[in-house]
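What follows is a single structure, written as structure tokens, with notes after it.
Every number here is computed from the coordinates shown, using simple stated rules; none is lab data. Keep in mind that this is a model prediction, so the values were computed, not measured. Every residue, glycine as well, gets a Cβ built from its backbone with ideal geometry; the counts of neighbours run over all protein chains shown.
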Amino acid sequence: MIDAQHEPGDDAYLEPFSFLLDNVAFTPSKPTLPSILDGPFDAAIRVGEGKRLFVHVQSQTPVSYQWWKDGRILPTATRSTLPLPYPGEDLGGSYRVQVSNRVGSVDSAVATVTEFEAVPPKLSQPRWVAPGRVAITVSLDGGQPFVLERSMDLKDWKTVRVLEPQAQPLTLELETAELHQFFRLSEL
């Protein structure tokens, strides 16, 4: 039974928005601004590929989203995720999202998106530098890490080292007891 017949000053009077149900008082919590829990994050995207920026929020009431790029509103970008590239826009830039509910709105941190050309890695022929040691030169300036692997039979590949992108070629000296080996670079 809901009792809503009380007036201010009555013993059973409750604050606005409160009510009694079978002699139990209920007071809904006051709505608050939405909270951004996660995202959006900086991203490096290879030219010609896509990605999604996202934001995770918490709110007591329904929310709406509005994405911005470089200080300009993206008119139809009104969801928790933003597919990139956005129609009619270059990919790179500074993105943020405004999340609103009936109490107000909050802005996310800025996520910087950069674009990079896919430059294929280069791997030199191994050369003997000392007994039991070979040298290999690797060029990785395409913006992503690679794994250097070696094999004796072109079937079973073993990881030698994870290589991060570098502006200058990197020469590695590796110990080896085998005369015939194969090396390759694989995407991480």
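Only one of 105, 186 is out of contact with any Ser or Thr (no Cβ under 7 Å at 6 or more places or on another chain), closer than 30 Å to residue 29 by Cα and either among the basic types (Lys, Arg) or surrounded by fewer than 16 Cβ atoms within 10 Å (Cβ to Cβ) (or both); which?
Numbers: 186 fails: closer than 30 Å to residue 29 by Cα.
Unique residue meeting the criteria: 105.
May I ask you to verify whether residue 119 is touching a Gly at 6+ places or on another chain (Cβ under 6 Å), among the β-branched types (Val, Ile, Thr) and either surrounded by 16 or more Cβ atoms within 10 Å (Cβ to Cβ) or within 26 Å of residue 47 (Cα to Cα) (or both)? Steps first, answer last, please.
Values: touching a Gly at 6+ places or on another chain (Cβ under 6 Å): yes; among the β-branched types (Val, Ile, Thr): yes; either surrounded by 16 or more Cβ atoms within 10 Å (Cβ to Cβ) or within 26 Å of residue 47 (Cα to Cα) (or both): yes.
Criteria met by residue 119.
Report, ordered by the first and then the second residue, all pairs with beta carbons closer than 8 Å, sequence separation of six or more or different chains, a first member in region 154-171 that is closer than 12 Å to residue 138 by Cβ, and a second member that is assigned to a strand (DSSP E or B) and of a type in the set (Phe, Trp, Tyr).
Listed pairs, sorted by first residue: 160/183; 162/146; 163/146.
Condition first: in contact (Cβ under 8 Å) with a residue 40 or more places away in the chain, assigned to a loop (DSSP other than H, G, I, E, B) and either closer than 30 Å to residue 90 by Cα or within 15 Å of the chain's Cα centre (by Cα) (or both). Now tell me which residues in region 35-68 satisfy that.
Within region 35-68, 39, 40, 41, 42, 47, 48, 55 qualify.
Can you spot a residue in region 69-87 that is outside any strand (DSSP E or B) and over 26 Å from residue 36 (Cα atoms)? Quick ask: steps written out before the conclusion?
The first filter runs over region 69-87 and keeps only residues outside any strand (DSSP E or B), leaving 70-71, 74-80, 85-87.
Checking the rest, the ones that are also over 26 Å from residue 36 (Cα atoms) come to none.
Looking for residues that are outside any strand (DSSP E or B) and over 26 Å from residue 36 (Cα atoms), one finds none in region 69-87, hence no.
When region 149-183 is examined, which residues are found to be surrounded by 14 or more Cβ atoms within 10 Å (Cβ to Cβ) and among the acidic types (Asp, Glu)?
Result: 149, single match.
Condition check: hydroxyl-bearing (Ser, Thr, Tyr), surrounded by fewer than 16 Cβ atoms within 10 Å (Cβ to Cβ) and under 22 Å from the mean Cα position of the chain (by Cα). Does residue 94 satisfy that? First the steps, then the outcome.
Working: hydroxyl-bearing (Ser, Thr, Tyr): yes; surrounded by fewer than 16 Cβ atoms within 10 Å (Cβ to Cβ): yes; under 22 Å from the mean Cα position of the chain (by Cα): yes.
Criteria met by residue 94.
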